[in-house]
Amino acid sequence: MKVALTKERKTPPDRRVVLSPEICREAVELYPELEIKVESSDIRIIKDSAYIKAGFIVTNDVTDCDVILGVKEVPIKALIPNKKYFFFSHTFKKQPYNRKLLQAILEKNIELYDHEVITAKNNLRLIGFGYYAGIVGAYNGIRTYGLKYSLFELPKLTSLKDKVALINELHKIKLPPIKIVLTGTGRVGNGSKEILDAMYIKQVSVESFLTKNFDEPVYVQLDVLDYNRRQDGVQKDMYDFFDHPEEYDSDFKRFTHVADFFIAGHYHNDAAPDFYMLSDTQNQKFKIRVVADISCDIGRPISSTLRASTIADPIYGYDRLSGLETDYKNLDHIAVMAVDNLPAELPKDASDGFGEMFLEHVIPAFFDGDKNGILQRARMTQNGQLTERYKYLQDYVDGKE
């Protein structure tokens, strides 16, 4: 089987890659029938020369390969018909801006495997950049705090080599005695937690966070049942929330009255309640003034996330009274960092971590008959049609919704 690492062509450019030379080497040693080619790229964080040195062919033509591996959406003009593609297509949630991409994939008889829906039997994701999104999001949030209050100026991550350099920069600054609320206990949330711990910020319980004052910065990490409660008052486990989010109300308001800084690292189901809306931010008790929205769901469940920001221009302000965009340095307004491609700011570390997961969970499925159903669950299209699992996208493809 021939596999190609495609050149990333989306604008703005993304420097990440699915497999590093080291992971490629390990993969072909484990599976001798596997051949890997690398499409030449002048933007990839790992140079062509590193792949050549590791013994792989670097070329401008990968049309002889069976499987094409990428990170971001492949432009329609660059799609090679009748191939198997792996990349983040951003279509399975019916994103309007990628409707034409999915239509083209079907027209070109491409088998699409979306990284985001590569899951285990329990539907938990197996691979992703979430951990690095959490790391970068926390760093950028702390950078935002420093800029808003003119306390310190951390460098942009694009000027730093890796996570070690990032942490070294954080050790140079000192936060005032603020309260930080972090949502999410998955890869994203734990990536952010790692940064807060690296800064030696004290973690406290929910009760202490809500009721006590501190003379040092502190944070609390919340799971879903810490900020949601059943409407009938019956206490159940988190799986009940995942199965029936519409039966819950938000209990996050109590944190907005004591927290200064909110790092949003949770996954949000559309049926789940909002964290806060404009009517909440208008309340004089609403204290949060910096939001690092790593989840970056526009408009809701966090009303201050008006739009995704960019790596080049990552911060904007939210007027908590009018709900309009404003100057983030206004002390009564909320500074919002809502970059939607955060791992791209730490491309080498993110690529290494992603490749390790891809080698562990996906590549074996090519050679073991997909005994665990990894490929079957992630296969969105086949033979010019949506697969059964993704038939719900047909109206989206047809332009009816």
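The values are calculated or read from the model by the stated rules, or taken from the named source; none is laboratory data. Worth saying up front: this structure is predicted, and the values here are computed from it rather than measured. With ideal geometry, Cβ positions are generated from the backbone for all residues, glycine too; neighbour counts draw on all protein chains shown.
Looking only at region 370-401, how many residues end up being of a type in the set (Gly, Ala, Ser) and either modelled with pLDDT under 95 or not assigned by TED's automatic domain parsing to the domain that holds Pro32 (or both)?
Within region 370-401, residues that are of a type in the set (Gly, Ala, Ser) and either modelled with pLDDT under 95 or not assigned by TED's automatic domain parsing to the domain that holds Pro32 (or both) number 1.
Scan region 323-330 and tell me whether some residue there is crowded, with 22+ Cβ neighbours inside 10 Å and either closer than 30 Å to Pro176 by Cβ or free of Cβ contacts under 8 Å to residues at least 40 places away in the same chain (or both). Scanning region 323-330, I find no residue that is crowded, with 22+ Cβ neighbours inside 10 Å and either closer than 30 Å to Pro176 by Cβ or free of Cβ contacts under 8 Å to residues at least 40 places away in the same chain (or both), so the answer is no. Of the helices (runs of 4 or more DSSP H) that lie entirely inside region 168-250, those containing 2 or more residues that are among the aromatic types (Phe, Trp, Tyr) and over 24 Å from Leu342 (Cβ atoms) span 238-243. Of all residues in region 333-362, those being part of a loop (DSSP other than H, G, I, E, B) and more than 30 Å from Arg320 (Cα to Cα) number 2. Within region 152-181, residues that are among the polar types (S, T, N, Q) have Cβ atoms under 7 Å from residues that are in a helix (DSSP H, G or I) and surrounded by 14 or more Cβ atoms within 10 Å (Cβ to Cβ) in these pairs: Thr158/Glu345, counting only partners at least 6 apart in sequence or on another chain. For region 340-347, the criterion of being crowded, with 19+ Cβ neighbours inside 10 Å and over 30 Å from Gly141 (Cβ atoms) is met by none of the residues. One residue stands out in region 102-126 among those that are farther than 18 Å from Asp395 by Cβ and assigned to a helix (DSSP H, G or I): the one that is nearest to the chain's Cα centre (by Cα), namely Glu116.
Within region 291-331, how many residues turn out to be within 19 Å of Ser250 (Cβ to Cβ) and among the aromatic types (Phe, Trp, Tyr)? Selection size over region 291-331: 1.
Figure legend. Inter-residue proximity from region 253-274: first residues of a type in the set (S, T, N, Q), second residues in a helix (DSSP H, G or I), beta-carbon distance below 6 Å, spacing 6+ or different chains. Indicated pairs: Asn269/Pro245.
Selection within region 302-332: residues that are outside any loop (DSSP other than H, G, I, E, B) and of a type outside the set (A, V, I, L, M). The member of this set that is farthest from Val71 (Cα to Cα) is Thr326. One residue stands out in region 206-228 among those that are at pLDDT below 95 and not hydrophobic (A, V, I, L, M, F, W, C): the one that is nearest to Lys193 (Cα to Cα), namely Asp223. Among the conditions (1) out of contact with any Phe, Trp or Tyr (no Cβ under 7 Å at 6 or more places or on another chain); (2) small (Gly, Ala, Ser); (3) closer than 27 Å to Asn330 by Cβ, Gly146 misses just one, which is (1). Here Ile43, Ile52 are screened, and the one residue that is without any contact (Cβ under 8 Å) to a residue 40 or more places away in the chain, more than 30 Å from Gln385 (Cα to Cα) and either under 19 Å from the mean Cα position of the chain (by Cα) or assigned to a loop (DSSP other than H, G, I, E, B) (or both) is Ile43.
Please verify whether Gly369 is in a loop (DSSP other than H, G, I, E, B) and within 29 Å of Glu29 (Cβ to Cβ), treating the condition exactly as stated.
Considered against the rule, which asks whether it is in a loop (DSSP other than H, G, I, E, B) and within 29 Å of Glu29 (Cβ to Cβ), Gly369 comes out as yes.
Within region 300-322, residues that are within 23 Å of Pro155 (Cα to Cα) reach partners that are among the hydrophobic types (A, V, I, L, M, F, W, C) and in a loop (DSSP other than H, G, I, E, B) with beta carbons closer than 6 Å, at six or more positions or on different chains, in the pairs Ala308/Cys296; Ala308/Ala338; Ser309/Ala338. Here Gln231 meets each of (1) at pLDDT 95 or above; (2) exposed (fewer than 14 other Cβ atoms within 10 Å of the Cβ) with one exception, condition (1). Taking (1) more than 17 Å from Gln385 (Cα to Cα); (2) within 24 Å of the chain's Cα centre (by Cα); (3) part of a loop (DSSP other than H, G, I, E, B); (4) not assigned by TED's automatic domain parsing to the domain that holds Ile315 in turn, Leu154 satisfies each apart from (4). When Lys193, Lys161, Lys202, Lys174 are checked against the criterion of being crowded, with 17+ Cβ neighbours inside 10 Å and of a type outside the set (Gly, Ala, Ser), Lys193 stands alone in meeting it.
Lys72 falls short on exactly one of the conditions (1) in the same structural domain as Asp352 (by TED's automatic domain parsing); (2) more than 20 Å from Ala312 (Cα to Cα), and that condition is (2). Annotation: of all residues in region 7-33 being of a type in the set (Val, Ile, Thr) and in contact with a helix residue (DSSP H, G or I) (Cβ under 8 Å, 6 or more places away or on another chain), the one that is surrounded by the most Cβ atoms within 10 Å (Cβ to Cβ) is Val17.
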